[in-house]
Structures are given as C-alpha cells and as structure tokens.
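Notes for the one structure printed next.
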Amino acid sequence: MARIRLAQALAQLGQQPIIIANVTEETTHQGVVYVPLQKKNSIKQVDILILISSGGDLSLEPAFDLNINAKLREVWLQGTIPIKGVEKLSPNYIVGASNFICETVQQEWGLSNPKLFTIYNGAAQYKPNWWNRKPTRDPYSLIYTSHPSKGLEASIAVLNYLRKEDQRFTLHVFGGDALWGGTDKAINVPGVIYHGTQGQQKTLQALQQANISLHLQARLEPFGMVVTEAMIHGSIPIASPVGAYNEIIHNGYNGFLVEGSHTSDEVHQHTAQLILQLTQSPEYSAYIRHHAYNMPWTWNTQAQTWINHWDWTLQNKGTTISTSNCKCPTCNGAWLLTADGYHCTQCGRYSQNGQS
C-alpha cells in the first residue's frame with residue numbers, strides 16, 4: 001500500500017514512477033506505470049531505484065537479477081526484522097519509515113556503516129463526493145482497525161468497562177485474520193460491531209465517524225499507518241507507547257499514550273476512564289482532534305519530502321541549518337529543511353520541530 005500511495009503522489013508532483021509488480025499486463029493508473037514481474041528486465045535505466053520490504057521471511061535477493069542502472073539505489077524499510085540481501089545490494093541509502101526502524105537497523109542488524117534516512121509514511125485521506133454530507137461523529141463510538149493479534153482483546157476489555165457506565169458505547173472492528181491470509185471470524189460480544197476485513201475507503205469513512213481509535217498492543221510498531229490515518233480523519237488515537245507510536249503521538253496533544261501492559265486490568269480501566277473524560281469534555285476533545293487533524297504527514301507532503309531528499313543527495317540542493325539550539329540531538333549534524341520538517345544530513349534522523 002505504501003509504495004502505491006507514494007508512487008501516485010509522486011506522479012501528481014510531475015514525477016514518472018514505475019512499479020514492478022505482480023500484474024498480468026503493463027498498465028498505467030493515476031500516472032503510475034505498472035510493469036509485470038516477468039518483464040522486469042525491460043527497464044534498463046532510471047534515476048532512482050527503490051526496493052521496499054517489511055522484512056521477516058521476505059528477501060531482496062531476487063533484486064540481484066535486476067539489470068537496472070540507477071543514479072541512486074535505496075532500500076525502503078517498513079519493518080525492523082532483518083532482510084536477506086540488504087548489504088550485498090550496497091544501497092546508497094536505507095530509508096526507514098520511522099526513526100525507530102533506523103535505530104533498530106543501526107543497533108541490531110550488524111550492517112557495516114549503513115547510510116540511513118528517515119521518511120515517514122503518509123496518511124490516506126478519504127474525500128467524499130461533494131453531494132455527500134460529512135458523517136456525524138458519534139461520541140460513544142470506538143474503532144479498532146488492524147489484525148486481531150495486535151490488541152483486539154484489549155480493546156474489547158476497555159469497551160466492557162465503558163458499557164458498565166454507559167450502554168451507548170460501541171466498538172467497530174475493521175480487520176480480521178484475512179488480513180494475514182487467514183479467515184475472518186465473527187465476534188459475538190455485546191457492543192462490538194464486527195465489519196471484518198474491508199477496503200480502505202470503508203475503513204476511512206468509519207474513522208470519520210468514530211470518536212476514539214484504540215491501539216493498545218505489545219508489538220513494537222515499526223510505523224503504524226492505522227494511527228496516522230485515524231488522526232487525519234479526526235479519530236483520537238489512544239495507544240501503547242511501543243515502537244514508532246512514541247514518535248507520532250504526543251501525549252495529551254494529538255492523542256494519548258497509556259503506559260503498562262496492554263493485557264493488564266489497570267491499563268483497561270485507565271483507558272476507559274480517559275475515554276469517559278474525553279466524552280464528558282467535548283472542548284478538550286476538540287483541542288486534541290485539531291492537532292491530530294493537522295499532522296503534517298499526508299502522502300503529498302511525504303512525496304515532496306522524498307524529492308527534497310533526492311535533490312540533496314544527487315545535487316546537494318536544499319537548505320540546511322545548524323545552530324547551537326537547532327541541530328540534530330543524536331549526532332549534532334545539520335538539519336536539512338524539507339516539506340515535513342527536519343532531517344539530519346549525517347544520521348538521517350527526522351524531527352518535526354528540529355528539537356527532538
């Protein structure tokens with residue numbers, strides 16, 4: 001999903017993206033050219049070659065057969081699990097979708113002096129037709145949008161506490177085992193409205209109606225587009241402080257982070273009390289929602305950030321800043337000013353405000 005969204009946004013900015021994919025024939029859609037895997041060798045020359053993976057059992061070793069000349073070769077990481085073949089490919093940059101991913105590569109992958117750069121994923125925006133009225137947000141509506149293993153049981157436990165106080169609370173569940181190749185299983189719990197695995201448009205529509213988006217989990221989330229998409233559609237995220245969630249959510253400003261094990265009764269009760277307070281304080285909820293709405297990471301912004309990165313790397317083109325009170329806190333490097341904020345020219349770290 002990330003590579004398709006980025007390619008479409010790049011096309012809107014006048015670039016000419018090509019995706020080698022599992023398609024039956026060469027086709028062009030929204031300015032992006034899709035080339036079948038069996039025709040990969042028809043591409044001989046590009047400016048930038050990006051290889052993307054989330055890790056695990058996946059491997060980039062098949063890319064050794066790509067006979068493509070490129071001015072810049074990059075590996076784009078969506079996960080933290082080591083990937084076969086990365087070092088042998090000798091990329092100019094390893095681009096992580098979060099600082100958390102890049103830090104994990106630096107500390108745990110055992111690569112020799114990797115060149116790292118962080119660029120967040122964008123958030124997809126649902127734009128209804130002009131004749132459709134904007135959905136009314138239900139203050140008692142919660143939403144869970146992910147695979148069940150990431151924390152669905154915790155979300156249901158929070159719902160159960162809330163329904164002891166007010167039966168109007170409901171939990172809409174989008175996503176099931178089908179997301180990871182299994183079969184969706186119905187959920188028969190009072191207050192749970194199970195939608196199963198759905199397309200993006202329906203999920204994004206539901207986020208516009210829900211008041212709270214729940215992300216209580218143990219998994220060290222590499223990035224988590226479910227959070228940024230909740231934010232940009234006005235569904236206030238409440239999450240565990242794991243992985244990149246610590247970067248995206250600023251507690252009490254654009255969402256909430258709840259310390260403790262997501263399986264603990266204490267965390268469930270604390271989250272339920274927080275939701276009750278938000279329900280009873282619509283003005284404060286509006287304050288949080290305003291900052292969540294205005295997070296900078298749309299796909300158009302992130303596509304421009306990629307272009308800023310390429311311009312700096314290939315042409316040394318861009319604006320940098322390094323003062324005593326404005327430089328990378330990790331390595332003291334100069335900041336490159338980009339469409340989404342600040343990127344360190346030495347270690348690649350991203351900062352929204354140039355301070356942390």
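The values are calculated or read from the model by the stated rules, or taken from the named source; none is laboratory data. Given the structure is predicted, the values throughout are model-derived calculations rather than measurements. Note: ideal-geometry Cβ built from the backbone for every residue, glycine included; neighbour counts use all protein chains shown.
Tabulated data
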| item | result |
| --- | --- |
| Long-range neighbours under 6 Å by Cβ, at least six apart or interchain, first residue farther than 13 Å from Gly199 by Cα within the stretch 163-179, second of a type in the set (Val, Ile, Thr) and not in a loop (DSSP other than H, G, I, E, B) | Thr170/Ile193; Leu171/Val192; His172/Ile143; His172/Ile193 |
| Where Tyr126 falls short, out of the listed (1) farther than 21 Å from Tyr350 by Cβ; (2) modelled with pLDDT of 95 or more; (3) within 17 Å of the chain's Cα centre (by Cα) | (2) |
| Strands (runs of 3 or more DSSP E) fully within the stretch 278-356 counting 2 or more residues that are modelled with pLDDT of 95 or more and buried (at least 16 other Cβ atoms within 10 Å of the Cβ) | 335-338, 341-344 |
| Condition met for Thr263 (under 18 Å from Ser213 (Cα atoms), modelled with pLDDT of 95 or more and out of contact with any strand residue (DSSP E or B) (no Cβ under 6 Å at 6 or more places or on another chain)) | yes |
| The lone exception for Pro91 - which of (1) surrounded by 16 or more Cβ atoms within 10 Å (Cβ to Cβ); (2) under 17 Å from the mean Cα position of the chain (by Cα) it fails | (2) |
| Subset of the stretch 246-277 that is touching a Leu at 6+ places or on another chain (Cβ under 8 Å) and not in a helix (DSSP H, G or I) - its residue that is surrounded by the fewest Cβ atoms within 10 Å (Cβ to Cβ) | Asn251 |
| Leading residue by the ranking (farthest from Gly85 (Cα to Cα)) among those in the stretch 10-55 that are part of a helix (DSSP H, G or I) and in contact (Cβ under 8 Å) with a residue 24 or more places away in the chain | Gln12 |
| Search result, residues across the stretch 330-347 that are touching a strand residue (DSSP E or B) at 6+ places or on another chain (Cβ under 8 Å) and either farther than 15 Å from Ile307 by Cα or aliphatic (A, V, I, L, M) (or both) | Thr330, Cys331, Gly333, Ala334, Trp335, Leu336, Leu337, Cys344, Cys347 |
| Residue match in the stretch 134-157 (condition: at pLDDT 95 or above, within 17 Å of Ala239 (Cα to Cα) and among the charged types (D, E, K, R)) | yes |
| Tally of residues being crowded, with 16+ Cβ neighbours inside 10 Å, within 16 Å of Thr305 (Cβ to Cβ) and not aliphatic (A, V, I, L, M) across the stretch 4-45 | 4 |
| All positions within the stretch 252-288 that are within 26 Å of Lys164 (Cβ to Cβ) and under 19 Å from the mean Cα position of the chain (by Cα) | Gly255, Phe256, Leu257 |
| Of the criteria (1) out of contact with any Asp or Glu (no Cβ under 9 Å at 6 or more places or on another chain); (2) of a type outside the set (Lys, Arg); (3) within 24 Å of Cys347 (Cα to Cα), which one Leu51 fails | (1) |
| Selection status of Ile4, free of Cβ contacts under 8 Å to residues at least 60 places away in the same chain and either among the aliphatic types (A, V, I, L, M) or closer than 22 Å to Tyr93 by Cα (or both) | yes |
